[in-house]
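Structure record follows, encoded as structure tokens.
The values are calculated or read from the model by the stated rules, or taken from the named source; none is laboratory data. Since this is a predicted model, take the numbers as computed values, not measurements. Neighbour counts are summed over all protein chains in view; Cβ atoms, including those assigned to glycine, are modelled from backbone coordinates with ideal geometry. For accessibility, only protein heavy atoms count, side chains too; no ligands or nucleic acids. Shrake-Rupley method; radii C 1.70, N 1.55, O 1.52, S 1.80 Å.
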Amino acid sequence: MPHSTSLLHPEKYFEKPEHVKIAIIGLGYVGLPLAIEFAKKYNVLGFDIDIERISELSRGKDRTKEANIDDLNKVISLGDKGPLGIHFSSDESDLKEYKVFIVTVPTPINQFKSPDLTSLLNASAMIGEALKENDIVIYESTVYPGCTEDDCVPVLENTSNLKFNRDFFVGYSPERINPGDKVNTLTTIKKVTSGSTPLIADLVDNLYSSIIAAGTYKATSIKVAEASKAIENAQRDVNISFVNELALIFDRIGIDTNDVLDAAGTKWNFLKYKPGLVGGHCIGVDPYYLAHKAESLGYHPQVILSGRRVNDNMGMFVANKVVKLLIQKGHKIDGSRVLILGITFKENCPDIRNTRVIDIYNELKQFGVSVDIHDPWANAETVKEEYGLVMMPDLNTRYDGIVLAVAHDEYKGLDFSKLTTPTSVIFDTKAFIKRELVDARL
């Protein structure tokens, strides 16, 4: 079956923007900013199975706080007036009107630390029902090398009854969104692109080039693009695990890790990573995707998984250190009250996915400690639904111990004298609080 004229000439595909109909599947931290940028130039459908999310976005509201609200309302208005701009929907039948599908659904790990492709494969099956001749499906969700072609494409073929690289095509462009970062945003970060044929690779690259000010990098294959995303975060994970292991060693020696890093950082080529909890939807997850692929090929990765073990145990270390400090100050552990400041996986961001703060909470609870959690960014209902925890709305009592887990800006001016007694313990996981106020820090 021959390609259409526009596919034979990728540069002509965008000559009439109103004819470029793009559906973004999944409107979370990645999908929404992408949908808004494309909607400034093209006809975009923002699709999500969460009806409440669709209703919220249609009113110009965003719970993730990633979107520029002015831009969101502008593209909504643009969609109301003509063929460009954005429309939101949770109705699968609406997908049939679109030609380019971009998948940005979550790809977490399960309880066994194995890739959970449920949302990705479900989205592929749904898109397959809407696929037409010469349609293109571009995946942005983080996966292991080979997943797009080996796992997603067969689902697309089975549900559409179309043939891959004859009737429809795929691309992969790994997301690089950094939640909470208002400097390094979608359009200011270079975008890696790829396609299932050289022609499609050019078309996908041209598509992203039209909205990414920082430019694009066309990878040599989809597998290369997939692998590039996996190693970006695996590299950070390994580097952080190194300084976390140093923190465990220096704690036994009795010296401050940050003092050592400051001293070592005076050398021009020293990489000054900081110790801390490693959670979130990328750094704490992607290495397991790479390890999964390696193990399926008969290779057991040593460095990647050892780094994961170190980072996964940091919450337990913090909790145990707090308990030891409480004992040293004469506190009875069973029934002691400890406040954890922050539940999100990083500062100034409402994202609680794969937060490792929960490890500190669970470990303290096992010691019989009464634990409260406060976070000005996290959504209380989401925290209760996800982790079964009820957050403290206000800070108006004194605690035997305080753990600064997330360095939200709101905690910079916090008056700890109103939350502590002379024998209280303060542990700082981020080297964020004035040093003279804390008993220990990572």
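Out of curiosity, is Ile49 closer than 20 Å to Leu131 by Cβ, at pLDDT 95 or above and open to solvent by 40 Å² or more (accessible area, probe 1.4 Å)?
Criteria met by Ile49.
Inside the range 325-442, counting only strands (runs of 3 or more DSSP E) that do not spill past its ends, which hold 1 or more residues that are more than 27 Å from Val260 (Cβ to Cβ) and open to solvent by 60 Å² or more (accessible area, probe 1.4 Å)?
Answer list for the range 325-442: 337-341, 420-428.
Pro376 fails exactly one of the following numbered conditions: (1) over 26 Å from Gly335 (Cβ atoms); (2) at pLDDT 95 or above; (3) in contact with a strand residue (DSSP E or B) (Cβ under 9 Å, 6 or more places away or on another chain). What is the number of that condition?
Among (1) over 26 Å from Gly335 (Cβ atoms); (2) at pLDDT 95 or above; (3) in contact with a strand residue (DSSP E or B) (Cβ under 9 Å, 6 or more places away or on another chain), the lone unmet condition for Pro376 is (3).
What's the number of the condition Thr159 fails, among (1) hydroxyl-bearing (Ser, Thr, Tyr); (2) under 30 Å from Phe345 (Cα atoms); (3) touching an Asp or Glu at 6+ places or on another chain (Cβ under 9 Å); (4) at pLDDT 95 or above?
Result: Thr159 passes all but (2).
Out of Leu290, Leu325, which single residue is under 30 Å from Asp181 (Cβ atoms) and of a type in the set (A, V, I, L, M)?
Leu290
With respect to the numbered conditions (1) in contact with a helix residue (DSSP H, G or I) (Cβ under 6 Å, 6 or more places away or on another chain); (2) crowded, with 16+ Cβ neighbours inside 10 Å, which one is the sole condition not fulfilled by Ile200?
Unmet for Ile200, out of (1) in contact with a helix residue (DSSP H, G or I) (Cβ under 6 Å, 6 or more places away or on another chain); (2) crowded, with 16+ Cβ neighbours inside 10 Å: (1).
Looking at Val137, is it farther than 26 Å from Ile51 by Cβ and out of contact with any Gly (no Cβ under 6 Å at 6 or more places or on another chain)?
Considered against the rule, which asks whether it is farther than 26 Å from Ile51 by Cβ and out of contact with any Gly (no Cβ under 6 Å at 6 or more places or on another chain), Val137 comes out as no.
Quick check on Asp259: is it open to solvent by 10 Å² or more (accessible area, probe 1.4 Å) and either out of contact with any Cys (no Cβ under 7 Å at 6 or more places or on another chain) or more than 27 Å from Ile22 (Cα to Cα) (or both)?
yes
Within the range 24-36, is even one residue surrounded by fewer than 19 Cβ atoms within 10 Å (Cβ to Cβ) and in contact with a helix residue (DSSP H, G or I) (Cβ under 7 Å, 6 or more places away or on another chain)?
Within the range 24-36 (the criterion being surrounded by fewer than 19 Cβ atoms within 10 Å (Cβ to Cβ) and in contact with a helix residue (DSSP H, G or I) (Cβ under 7 Å, 6 or more places away or on another chain)), the answer is no, since none of the residues qualifies.
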